[in-house]
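The values are calculated or read from the model by the stated rules, or taken from the named source; none is laboratory data. Quantities reported herein were computed from a predicted structural model and do not represent experimental measurements. In this analysis, Cβ positions are derived from the backbone assuming ideal geometry, glycine residues included, and neighbour counts consider all displayed protein chains. Just so you know, the surface numbers come from the protein's heavy atoms only, side chains and all, with ligands and any DNA or RNA stripped out. Shrake-Rupley method; radii C 1.70, N 1.55, O 1.52, S 1.80 Å.
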Amino acid sequence: MSSQLETLNEWVQATARRTRPDRIHWCDGSDTEAQALTELMLASGELIAINPTTHPDCYLHRSDPDDVARVEHLTFISTQQRDAVGPNNHWMSPHDAHLKMDALFDGCMQGRTLYVVPYCMGPIDSPLSRCGVEITDSPYVVANMRLMTRMGQAALQRIEREARFVKGLHSTGELNPERRFILHFPEENLIQSYGSGYGGNALLGKKCHALRIASWQGHQQGWLAEHMLIVGIENPQGETHYIAAAFPSACGKTNLSMLIPPASYRRAGWKIWTVGDDICWMQPGADGRLWAINPEAGFFGVAPGTSRKTNPNALAMLTHDTIFTNVALTNDVQPWWEGLHDGQPAIDWQGRTFDPANGPAAHPNSRFTVRADQCPSWSSHAEDPQGVPISAIVFGGRRANLIPLVFEARDWTHGVLAGASMASETTAAATGKVGVLRRDPMAMKPFCGYNFGDYFAHWLSFDRPGAKLPKIFHVNWFRKNQQGDFLWPGFGDNLRVLEWILGRCHGHTGATETPIGFLPRIQDLNLHGLNLDPAQLESLLHVDPVAWGEELQGIGEYLADYGEHLPQQLELARQGMADALDAERP
Ligand code: GTP
Ligand code: SPV
Ligand code: MN
C-alpha cells in the first residue's frame with residue numbers, strides 16, 4: 001500500500017473508533033453501488049421515486065424543515081492566528097474547535113454506515129485538479145457527491161499517486177440546529193461538518209473544499225478559487241471566448257452559464273457553451289493568460305424560477321437521473337416549483353397537501369442535482385486538462401438601485417476594487433433574512449477561507465510583467481423601476497451585454513467614459529428584437545453622481561474594516577473614483 005493510502009486508511013480507522021459506525025463502505029463510484037444506495041434510500045424514505053414515465057431515475061429528497069440552506073453563522077475557519085481569517089469569517093481556535101467537534105462526533109455513527117468517498121475536484125487528469133476524501137454517514141450525500149464530483153476508484157488512484165488530499169468528515173448527527181457546526185482547518189487540510197445534511201453544509205467537495213480550503217491553498221500557491229461560472233461564447237465566425245462571472249448565491253450563475261441566445265442571435269449563429277455554473281479555479285498559464293477549470297462535475301442548482309422560458313437547457317437536463325431536494329410534487333408525482341409554469345402543485349416540499357396558506361409549495365432554496373454532461377450546452381472543452389483561457393471577468397450582484405446594467409473597469413486594480421465593492425441583496429441560499437443589502441466582495445463573503453484584505457492583495461498580485469489579464473466588468477440584471485419591476489429582461493437577453501463585453505475585450509466596441517468606468521452608449525448595444533422603451537434603457541445605464549458618492553463612502557468604510565491587511569492601492573483607486581465623481585457633481 002502506498003503511504004497516501006496508509007494515511008487514508010489510518011484516518012478512516014481512527015474516525016471509525018470515534019464515531020462507532022456499524023459498517024464501513026468504501027465507495028467505488030460504480031453503477032451497481034449507486035443502485036444499491038438508491039434502493040436503500042427508497043426503503044428508508046430518504047428518497048421518493050418521481051414519475052418514472054416523465055422522469056426516469058429521478059428522485060425527491062425532503063430535508064429536515066430546519067435544514068434547508070447554508071448556515072453562515074455556524075460556519076467557522078479555525079487557524080492558529082485569528083488575524084489569518086479576517087473580519088469576514090467566524091474564527092475558532094484549533095484547540096476549541098477540535099474539542100467541540102470531537103465531542104459531537106463521539107459515537108455519532110452508531111447504527112449507521114460510514115461511507116468513505118474519494119473524490120477529485122476537476123478533470124481527473126488535470127494538473128489544476130485537487131483530490132479529497134469525504135467520510136459521511138449520509139447515503140444522500142454519497143449520491144450527490146457521485147453526481148457533483150469525479151467520485152470513486154479513479155479518484156482513489158490519483159490520491160495514491162499524489163502527495164496529499166483534503167480530509168472531510170461529515171455526520172448528519174441529530175439535525176439539530178443547536179448542534180450544527182461547519183468547521184474548516186486550512187492548516188490541517190481538514191473539514192469537519194456536523195448536524196446538517198444539506199447542500200453546501202454537507203457536500204464537502206463543494207463550498208468547503210473547492211472554495212474555503214482551495215482559496216487558502218490558492219493564496220499560498222499562486223492561483224485563485226472563485227465563486228464563478230465559466231461560459232464559452234461562440235460568435236458567428238466560429239470563435240469561442242470564455243467569460244468567468246461571480247454572482248452571489250441565487251443571483252444567476254447557473255442561468256448565465258447555460259443561456260439560450262435571443263432569436264436574432266441564434267439566427268446569426270451565436271452559441272453558448274457551459275463549462276461551469278458555480279466554482280472556477282484559475283491560474284496564469286505559460287502564455288500569461290488566466291486558464292480556468294470547473295472543479296465540479298455536476299450542478300446543484302436553484303429550482304424555483306427555472307422554466308421553459310427562463311432556462312430551457314436546465315429543464316431539458318432535469319428529465320432523467322436527477323435528485324430533487326425540497327421541491328413540490330404534482331398529482332402525477334412530477335417535480336414542481338414556483339416559476340415552473342407547467343402543472344400544479346399537489347404536495348408541498350414538506351410532504352403536506354399543498355395549501356397556499358403554508359407558503360410556497362417548493363422551498364425557495366429547493367435544488368436539483370444533476371451531472372453536468374446532461375446539459376445540452378455542455379462544452380466539449382469542459383474537461384480539457386489545461387482548462388479554458390478567460391477573456392473577461394464579470395462581477396455582479398442583486399441591486400435594485402444605483403448600479404448600471406454594465407460597466408467596464410479602467411484597469412486591473414480598478415476591476416479588483418469593483419469586485420471588492422460588490423454588494424447584493426441576501427437570498428434564500430443561506431438561512432437568515434432575505435433581501436437585505438450586504439457587502440459581498442467577489443461573491444466570496446461566505447466562501448473566502450482567509451482574510452479578505454490578503455485576498456484583495458492576492459488578486460492585485462496577478463498584475464505583473466508578462467501577464468495578459470482579462471478585462472474586468474460589473475453587471476446588474478436586477479435594477480428595478482419605481483413600481484418594483486425589473487428594468488432588464490435578463491436571462492437569454494444577457495447575451496447582449498456579454499457581446500458588448502467581448503467587443504470591449506477585442507477593442508471593437510464603443511463606450512463612454514464615466515467616473516465609475518466605461519459604459520455602453522445605447523448605440524453600442526445590440527438591441528435587435530428587444531422591445532425596450534428608450535427611457536427604460538436610459539435608467540438602466542444611468543450613473544447618479546450623488547448616490548455614487550455616497551456608495552463610495554460606504555465602500556471606504558467597509559474596506560477600512562480590513563485595517564492593515566487592506567492593500568493601499570485599492571484605497572487609492574477608490575479615492576480616485578471619488579474625486580472624479582466630485583468633479584461631475586452639479
Ligand atoms: P447558487 O447555486 O446559489 O450559487 O445560485 P446561482 O448564482 O447559480 O443562481 P441561479 O442561476 O440559480 O438563479 C437564481 C434565481 O435568480 C433564479 O430564481 C433565477 O430564475 C433568477 N435569475 C437568474 N438570472 C436572472 C436574470 O437575468 N434576471 C432575473 N430577473 N432573474 C434571474
Ligand atoms: C450557494 O449557496 O452558493 C450554492 C448552494 O451553490 S450550496 O451548495 O448550498 O452552497
Ligand atoms: Mn453557489
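With respect to the numbered conditions (1) open to solvent by 30 Å² or more (accessible area, probe 1.4 Å); (2) in contact (Cβ under 8 Å) with a residue 40 or more places away in the chain; (3) touching a Gly at 6+ places or on another chain (Cβ under 8 Å), which one is the sole condition not fulfilled by residue 532?
(3)
Whether any residue in region 346-355 is in a loop (DSSP other than H, G, I, E, B) and in contact with a Ser or Thr (Cβ under 9 Å, 6 or more places away or on another chain) is what I want to check.
Residues of region 346-355 that are in a loop (DSSP other than H, G, I, E, B), as a first pass: 346, 348-352, 354-355.
Those still in the list that are in contact with a Ser or Thr (Cβ under 9 Å, 6 or more places away or on another chain) too: 346, 349.
Yes, that holds for at least one residue.
Across region 483-522, which residue is surrounded by the fewest Cβ atoms within 10 Å (Cβ to Cβ) among those that are part of a helix (DSSP H, G or I) and of a type in the set (Val, Ile, Thr)? Spell out the reasoning first.
Quick first cut of region 483-522, residues part of a helix (DSSP H, G or I) only: 491-505, 522.
Okay, now just the ones that are also of a type in the set (Val, Ile, Thr), so 497, 501, 522.
Numbers: 497: 22, 501: 26, 522: 12.
Looking at residues that are part of a helix (DSSP H, G or I) and of a type in the set (Val, Ile, Thr), I get 522.
Would you check if residue 445 is in the same structural domain as residue 283 (by TED's automatic domain parsing), basic (Lys, Arg) and within 16 Å of ligand 3 (Cβ to nearest atom)?
Yes.
Show the residue pairs meeting these rules: Cβ distance below 8 Å; 6+ apart or different chains; first residue within region 183-210 and in contact (Cβ under 8 Å) with a residue 24 or more places away in the chain; second residue aromatic (Phe, Trp, Tyr) and outside any strand (DSSP E or B).
If the second residue must be aromatic (Phe, Trp, Tyr) and outside any strand (DSSP E or B), the pairs left are 186/216; 186/450; 189/165; 192/105; 194/105; 197/140; 207/447.
Search region 254-299 for residues being open to solvent by 10 Å² or more (accessible area, probe 1.4 Å), more than 19 Å from residue 234 (Cβ to Cβ) and not in a loop (DSSP other than H, G, I, E, B), and hand back the single one that is nearest to ligand 1 (Cβ to nearest atom).
By that ranking, first place goes to 254.
Starting from residues that are part of a helix (DSSP H, G or I) and under 24 Å from residue 272 (Cβ atoms), keep the ones in region 196-238 and report whichever is farthest from ligand 2 (Cβ to nearest atom).
The selected residue is 210.
Which ones in region 478-490 are touching a Phe, Trp or Tyr at 6+ places or on another chain (Cβ under 9 Å) and either within 16 Å of ligand 3 (Cβ to nearest atom) or among the charged types (D, E, K, R) (or both)?
Listed by number, the residues that qualify are 479, 480.
Run residue 119 past the list (1) closer than 23 Å to residue 211 by Cβ; (2) surrounded by fewer than 24 Cβ atoms within 10 Å (Cβ to Cβ) and report the number of the one that doesn't hold.
(2)
Assess whether residue 109 counts as being farther than 30 Å from residue 217 by Cα, open to solvent by less than 10 Å² (accessible area, probe 1.4 Å) and not small (Gly, Ala, Ser).
For residue 109, the condition - farther than 30 Å from residue 217 by Cα, open to solvent by less than 10 Å² (accessible area, probe 1.4 Å) and not small (Gly, Ala, Ser) - is met.
Taking residue 341 and the conditions (1) modelled with pLDDT of 95 or more; (2) more than 16 Å from ligand 3 (Cβ to nearest atom), which numbered condition does it fall short on, given that it satisfies the others?
Only one criterion is unmet by residue 341, namely (1).
If the requirement is being hydroxyl-bearing (Ser, Thr, Tyr), open to solvent by 50 Å² or more (accessible area, probe 1.4 Å), more than 17 Å from residue 47 (Cβ to Cβ) and part of a loop (DSSP other than H, G, I, E, B), which of these qualifies: 380, 307?
380
Are any residues in region 356-371 outside any loop (DSSP other than H, G, I, E, B) and surrounded by fewer than 23 Cβ atoms within 10 Å (Cβ to Cβ), and if so, which ones?
356, 357, 358, 371, listed by residue number.
Provide a single number: the residues in region 16-39 that are within 31 Å of the chain's Cα centre (by Cα), open to solvent by 90 Å² or more (accessible area, probe 1.4 Å) and in contact (Cβ under 8 Å) with a residue 40 or more places away in the chain.
1
A quick yes/no check of all residues on (1) open to solvent by less than 10 Å² (accessible area, probe 1.4 Å); (2) within 29 Å of residue 49 (Cα to Cα); (3) not in a strand (DSSP E or B):
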{"position": "88", "(1), (2), (3)": "yes, no, yes"}
{"position": "96", "(1), (2), (3)": "no, no, yes"}
{"position": "99", "(1), (2), (3)": "no, no, yes"}
{"position": "114", "(1), (2), (3)": "yes, yes, no"}
{"position": "125", "(1), (2), (3)": "no, no, yes"}
{"position": "135", "(1), (2), (3)": "yes, yes, no"}
{"position": "146", "(1), (2), (3)": "no, yes, yes"}
{"position": "154", "(1), (2), (3)": "no, no, yes"}
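Could you please find all residues in region 156-179 being surrounded by fewer than 19 Cβ atoms within 10 Å (Cβ to Cβ) and of a type in the set (D, E, K, R)?
Correct list: 160, 161, 162, 164, 174, 178, 179.
With the condition being touching a residue at least 60 places away in the same chain (Cβ under 8 Å), I'd like the strands (runs of 3 or more DSSP E) fully within region 406-476 carrying at least 3 qualifying residues.
406-408, 471-475
Here are some residues: 480, 471. Which one is among the basic types (Lys, Arg) and buried (at least 19 other Cβ atoms within 10 Å of the Cβ)?
Only one candidate passes the filter, namely 471.
Here are 73, 55: which of them is surrounded by fewer than 20 Cβ atoms within 10 Å (Cβ to Cβ), in contact with a His (Cβ under 8 Å, 6 or more places away or on another chain) and over 30 Å from residue 159 (Cα atoms)?
73
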